[in-house]
Amino acid sequence: MRLEAITWDRLTDTLADRLLGLEPKDGAPWPRVAFDGAPAARPGELARRVGEALRVRGRPSLVVGTEGFLRPASLRLEYGHEDVEAYYSGWFDTGALWREVFGPLEADGTGRVLPDLWDPRADRATRTPYVQLPPGALLLFHGPLLLGHWFPFDLTVHLHLSPGALRRRTPAEEQWTLPAFERYVTETDPTSAADVVIRTDDPRHPAWTG
């Protein structure tokens, strides 16, 4: 994998320009883009930056994160607060994501998307209203472990951290999640599966595949 150094500003602008011409693979009116990466890589931050760059270019988008679709604590933490298997395959409500986000953006969908469903801090449903996306608006979806759920993305961006960088940049209270990302690399190989790979070991100096 060949990588070239780039600034965050240039990377954001280049990605936004590329997304202006993105066509959905299934004929839907709404392109869907993944920003995949461990929390330490901050995929949501890049998704929001790209969303703002699209807005300046006159293209609407909606940024949605997996943290708004966590399952209730009674289900998420059924086997303890540090269960790696649950984190890997059971923390996020993939059924709700299909129903409230990806289903409405299929070719015969309504374009009416729910930006979030569950408040993990209060452990209760949010009251966020639905958003009606006009044709041509992009979904910028971010979170960890995204590429193993068969979500219908039209472009996938993976923010990569080496094992050492991931360990250094993950807070002590979240270190227990690291085996889940090791498994993700083994089973999904996101650096090969993604359309765009961005190395973020040094957050000040990213590099990418272009």
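The values are calculated or read from the model by the stated rules, or taken from the named source; none is laboratory data. Predicted model, so just to flag it, every value in this text is computed and none were measured. Every residue, glycine among them, receives a Cβ derived from its backbone with ideal geometry; neighbour counts consider all protein chains shown. Please note that ligands, DNA and RNA were not included when accessible areas were found on the heavy atoms of the full protein model with its side chains. Shrake-Rupley method; radii C 1.70, N 1.55, O 1.52, S 1.80 Å.
Give me the net charge for the shell around residue 70: Cβ to Cβ below 12 angstrom, other residues only, Lys and Arg +1, Asp and Glu -1.
With Lys, Arg at +1 and Asp, Glu at -1, the net is -1.
Please give the direction-averaged projected area of the C-alpha convex hull for region 1-126, in square nanometres with one decimal.
9.9
Over the chain, give the accessible area per residue in Å² for a 1.4 Å probe, as an integer.
That works out to 50 Å² for each residue.
Measure off, as a whole percent, the carbon and sulfur share of the 1.4 Å-probe accessible area of the chain, all protein chains present.
Solvent-exposed carbon and sulfur of the chain make up 51 percent of the total.
Near residue 162, within a Cβ-to-Cβ distance under 11 Å, what is the net charge of the other residues, with Lys and Arg +1 and Asp and Glu -1?
Neighbourhood net charge equals +2.
Using only the heavy atoms of the protein chains and a 1.4 Å probe, how would 89, 61 rank by accessible area, largest first?
Solvent-accessible surface, decreasing: 89, 61.
Please report the base-10 log of the normalised intensity I(q)/I(0) for the chain, using a Debye sum with one equal scatterer per alpha carbon and no solvent, at each q in 0.16, 0.17, 0.19 (1/Å).
-1.12, -1.26, -1.50
Of all chymotrypsin sites (Phe, Trp or Tyr not before Pro) in region 144-210, which ones are in loop regions per DSSP and have a Cβ with at most 12 other Cβ atoms within 10 Å?
In loop regions of region 144-210 (DSSP not H, G, I, E or B), the sparsely surrounded chymotrypsin sites (Phe, Trp or Tyr not before Pro) are 150.
Residue 130: accessible area at probe 1.4 Å, nearest 10 Å²?
90
Semi-axes of the equivalent ellipsoid of region 125-165: what are they in whole Å, largest first, if each equals the square root of 5 times a C-alpha gyration tensor eigenvalue?
Largest first, region 125-165 gives 27, 16, 10 Å.
Can you put 30, 98 in order of accessible area, largest first, using a 1.4 Å probe?
Sorted descending by solvent-accessible area, the residues read 98, 30.
Average projected area of the Cα convex hull of region 61-177, in nm²?
Projected over every direction and averaged, the Cα hull of region 61-177 covers 8.1 nm².
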